[in-house]
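These notes concern the structure reproduced below.
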Amino acid sequence: MPTGVGSPPVGHLPPDRDGATAFQVSLDIRAGVFHFEGFGRRIVHDEDATLGAITGSPPAADPNAALSSLSGIGAVRAERLAALGLRTVEDLMRHRPLRWERQVDLDTIEDAKATAAADPKAVLVLHGEIERARAVRTGRPRFEAVLSDESGTAQLRWFGGVWLQNKIVPGLRVRIEGKATMQGRTMILTNPGWSVHDEAATTDPAAPLRPVYPATEGIPPRFLHDRIRSLINKVVPAMVDPLPDATRQRWNLLTLQQAIRQLHQPADEAEIETARRRLAFDELLALQLVVARRRYGIRTAKPATELSTNDALDTDLQALLPFALTGAQARAIGDIRQDLGRPVPMHRLLQGDVGSGKTAVALAALLQCLRHGLPAAFMAPTELLAEQHHRTLTSLLSDRFTVHLCTGSRSVAERRAAADAAAAGHADLFVGTQALLSEHLGLQDAGLVVVDEQHRFGVRQRALLRRAEVRTPHLLVMTATPIPRSLALTHYGDLDVSILDELPPGRTPIRTVAMHANKMDAALARVGERVQEGEQAYIVVPAIEPGERGDPNLEELVPRLQQGPLADVPFGVVHGRLDQVTRDDTMAAFREGNLRVLVATTVIEVGVDVPNASLMVILGADRFGLAQLHQLRGRVGRGAAASTCVLVADPATEDGQARIDAVVGTTDGFVIAEEDLRLRGPGEVVGERQSGLARLQFAHLPGDEALLEQSREEAATRIGADPELTAPEHAGLAQLAQRFDTPAEALEGG
Ligand code: ADP
Ligand code: MG
């Protein structure tokens, strides 16, 4: 019995034989060896043979090879794939299908072509997705579309069907029925019947699950499908699992190989989920490795000055504060005191809802620094806030320390004086905006930097503080926007966290109500009435000037208020375009009660503290973000009086309605934060589309918190043992961190 061994190309099987002859053929196709065994009569074509068994392995493909090195992927397509984050073969293997479906065995477009070629009268039934469509008005007006499935494409055209352009749109899944003509390899169906694809009619619970990949401009779904299917057997054996065995066992994870196979060729839903969990772990671990690495970098940066604490400090602080600390404030101060007493720079995030009393905690920290004779800095996100803090801190500390104000709009002379003071090394307090960072204030000598409302204080700014030559300042970052734990662990994972989860006593909860936009006049009238009763109020609008969307705006509202509900009421207007002096004066007049109402844009979002204000009316409330609404509402409810927040809107979108519902439903900032994350997704919440979180394919936040905790624990263990990940068993992890390309910039907070 002849046995062909060697490397004959496919199609050159051994010569024909008569009779039923068993045969064995081994083929060496490139690097892969296939072994055929079978039984046939006349082998003319490989299909004529009954192949009993095919064993062997296909040629391996390099997972790291660039997709552009594959045949059929030119520069244009490579670029489009890159836009999807697909650069290498491994990227393709890790690409997440959009969904999986169980389809009955429909004829593919390719099969239909054969049918049409053989019998032009055959009525074909095709299922697929509209890839392109256009109305053609020149010549005989018609509507043309391209139908595609995973096997190929068909041209569709409807003469006189221009009206179809609003019905048959790209991305639509349709069922097409009609006769076809072939022009070369192109199949054309003229005036076919069509209907929107009925999922149920083509779903068969017994059929295997097939992945469906997301279609993108220039990348038809079948392209990814075909590529992945043809590559998977060659690539998977060559893939190296980045996770050490111990890690996989510890967290009960599939191997990378299993996960990739189950992702693209799942037997059932359970396999999809275990594959997803493994690949999600990879993503989260990559992020956590970067975070753990950064924490390690902070600990080993230039040391900070040890600012030890003693009892005198407590007395000192209590003497300054007109109230007793809440338990939460005392705990946070305890955390901070411990940090400050160590030579390792503090790197702490203080989270506390609006009104929870963060300033007092900051004051404790500042005092500890100043008492050691070292300058300290307090940074606020806006000039308004910087000025307010400057005022508060001056009144408390100016008998012992000099408190400087450093904002962008201060005069050069004033700023120079402050810089001189800093250079002279006085134990002075510098309060300001980010101008504090950019000006050469000699902040490297500061013992402590406190950053209030850190939204705009990202990883990069934090790193700026660590470029000090001799000492690194201790850093306290404060935020009133509660951060969901998942984000705290990733985006802010390099910071230790203290939480103020207790409001100072004597607050009456804020009542929040929603009103339809057509009741706006009633809401504004109410402001007039409440003010007559001695209260103060805010009216917030989304815009300064009228715009396309017709949002409530200052320009239209102010005259209306003057002529109507606030005719006899002294009120002020503040917005971001006012010059500082006017704004300051207005704010001061409101604080002192000379102005009874403040009409404003979101410039009052953070920090503004006027305890007598007990009513807020937010117009066009659906225009604001969830966190923003919560922040705005936090401007009332700061005194003993019962406060009310009225959200006036006629939401144009579901999300707008959901935001209003959330704010009406709770005053708990953490609940709001979770809802915000759910509505907007992590990329938007951290204010940076490109953040590592925004690019997660498999991990869901919220949802995968448990997995996140596990990945964090794993990263801590690995980085703890091998900070640079240089050990041989960590080579895969180092690559993993790199694959997801999540350096500091990627986690940047905008
Ligand atoms: P936030 O956390 O929003 O920055 P603030 O520090 O501005 O809050 O404090 C809000 C208000 O609560 C301020 O008027 C402050 O004086 C007051 N406050 C802070 N802590 C306490 C406390 N322990 N007891 C009573 N009032 C307090
Ligand atoms: Mg504050």
Taking the condition of being closer than 23 Å to T601 by Cβ, among the polar types (S, T, N, Q) and more than 11 Å from ligand 1 (Cβ to nearest atom), how many residues in region 358-393 meet it? 1
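Just to check your reading of the model, which residue among G341, G355, G297, G327 is surrounded by fewer than 18 Cβ atoms within 10 Å (Cβ to Cβ) and within 13 Å of ligand 1 (Cβ to nearest atom)?
Numbers: G341 fails: within 13 Å of ligand 1 (Cβ to nearest atom); G355 fails: surrounded by fewer than 18 Cβ atoms within 10 Å (Cβ to Cβ); G297 fails: within 13 Å of ligand 1 (Cβ to nearest atom).
G327 is the lone residue from the list that is surrounded by fewer than 18 Cβ atoms within 10 Å (Cβ to Cβ) and within 13 Å of ligand 1 (Cβ to nearest atom).
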Going through region 478-516 one residue at a time, which ones are within 16 Å of ligand 2 (Cβ to nearest atom) and touching a His at 6+ places or on another chain (Cβ under 8 Å)? T479, T481, I483
Hits in region 508-543 (condition: open to solvent by 40 Å² or more (accessible area, probe 1.4 Å), outside any helix (DSSP H, G or I) and free of Cβ contacts under 8 Å to residues at least 60 places away in the same chain): E533
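Considering D339, D353, which residue is within 13 Å of S308 (Cα to Cα) and either among the charged types (D, E, K, R) or within 16 Å of ligand 2 (Cβ to nearest atom) (or both)? Explain how you work it out, then say what you get.
Working: D353 fails: within 13 Å of S308 (Cα to Cα).
It is D339.
Considering region 165-180 alone, what residues qualify as being out of contact with any helix residue (DSSP H, G or I) (no Cβ under 9 Å at 6 or more places or on another chain) and in contact (Cβ under 8 Å) with a residue 24 or more places away in the chain?
Taking region 165-180 first, the residues out of contact with any helix residue (DSSP H, G or I) (no Cβ under 9 Å at 6 or more places or on another chain) are 165-172, 174, 176-178.
Within region 165-180, Q165, I168, V169, P170, G171, L172, V174, I176, E177, G178 qualify.
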Write out, first by first residue and then by second, each pair whose Cβ atoms fall under 9 Å of each other, whose residues are 6+ apart or on separate chains, and whose first residue, in region 225-254, is of a type in the set (G, A, S) while the second is surrounded by fewer than 17 Cβ atoms within 10 Å (Cβ to Cβ) and assigned to a helix (DSSP H, G or I). A246/E729
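Could we say that Q434 is modelled with pLDDT of 70 or more, polar (S, T, N, Q) and open to solvent by 40 Å² or more (accessible area, probe 1.4 Å) here? Explain how you work it out, then say what you get.
Values: modelled with pLDDT of 70 or more: yes; polar (S, T, N, Q): yes; open to solvent by 40 Å² or more (accessible area, probe 1.4 Å): yes.
So Q434 passes the test.
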Got at least one residue in region 272-284 being open to solvent by 80 Å² or more (accessible area, probe 1.4 Å) and at negative phi? yes
Please go through region 683-710 and give me each residue that is open to solvent by less than 40 Å² (accessible area, probe 1.4 Å), modelled with pLDDT of 70 or more and either in contact with a Cys (Cβ under 9 Å, 6 or more places away or on another chain) or not acidic (D, E) (or both), ordered by number. L696, F698, A699, L701, L707, L708
Flagged in region 99-141 as open to solvent by 60 Å² or more (accessible area, probe 1.4 Å) and among the hydrophobic types (A, V, I, L, M, F, W, C), in numbering order, are A114, A117, A118, V123
For region 208-221, name all the residues that are open to solvent by less than 50 Å² (accessible area, probe 1.4 Å) and within 22 Å of A267 (Cα to Cα). L209, P211, V212, Y213, P214, P221
Return the total of residues in region 606-620 being away from ligand 1 (no atom under 15 Å from the Cβ), within 18 Å of G506 (Cα to Cα) and small (G, A, S). 0
Identify all residues within region 725-750 that are modelled with pLDDT of 90 or more and of a type in the set (D, E, K, R); write none if there are none. E729
Only one residue in R577, R623, R596, R635 is within 12 Å of ligand 1 (Cβ to nearest atom), modelled with pLDDT of 85 or more and either open to solvent by 10 Å² or more (accessible area, probe 1.4 Å) or within 18 Å of T512 (Cβ to Cβ) (or both), so which one is that? R635
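Within region 468-476, does at least one residue satisfy the condition of being within 23 Å of T382 (Cβ to Cβ), within 16 Å of ligand 1 (Cβ to nearest atom) and at pLDDT 75 or above?
Yes - at least one qualifying residue is present in region 468-476.
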Expected single match for more than 27 Å from Q532 (Cβ to Cβ), surrounded by fewer than 18 Cβ atoms within 10 Å (Cβ to Cβ) and away from ligand 1 (no atom under 13 Å from the Cβ) among V664, V671 is V671
Within region 154-167, work out how many residues are surrounded by 19 or more Cβ atoms within 10 Å (Cβ to Cβ) and at pLDDT 90 or above. 3
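Looking at D501, D568, can you tell me which residue is free of Cβ contacts under 8 Å to residues at least 60 places away in the same chain and open to solvent by 60 Å² or more (accessible area, probe 1.4 Å)?
Values: D501 fails: free of Cβ contacts under 8 Å to residues at least 60 places away in the same chain.
Checking each option against the conditions leaves just D568.
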For region 612-621, state whether one or more residues are within 16 Å of ligand 2 (Cβ to nearest atom) and within 30 Å of F670 (Cβ to Cβ). yes
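Any residue in region 609-616 that is within 32 Å of the chain's Cα centre (by Cα) and surrounded by fewer than 24 Cβ atoms within 10 Å (Cβ to Cβ)? Walk me through it before giving the result.
Going residue by residue through region 609-616, those that are within 32 Å of the chain's Cα centre (by Cα) are 609, 616.
Those left that are additionally surrounded by fewer than 24 Cβ atoms within 10 Å (Cβ to Cβ): 609.
Yes, region 609-616 contains at least one residue that is within 32 Å of the chain's Cα centre (by Cα) and surrounded by fewer than 24 Cβ atoms within 10 Å (Cβ to Cβ).
The values are calculated or read from the model by the stated rules, or taken from the named source; none is laboratory data. All of these numbers come straight from a predicted model, not from anything done at the bench. When we count neighbours, we look across all protein chains shown, and the Cβ atoms used for this are built from the backbone with ideal geometry, even at glycine. Side chains included, ligands, DNA and RNA excluded: accessible areas come from the protein's heavy atoms. Shrake-Rupley method; radii C 1.70, N 1.55, O 1.52, S 1.80 Å.
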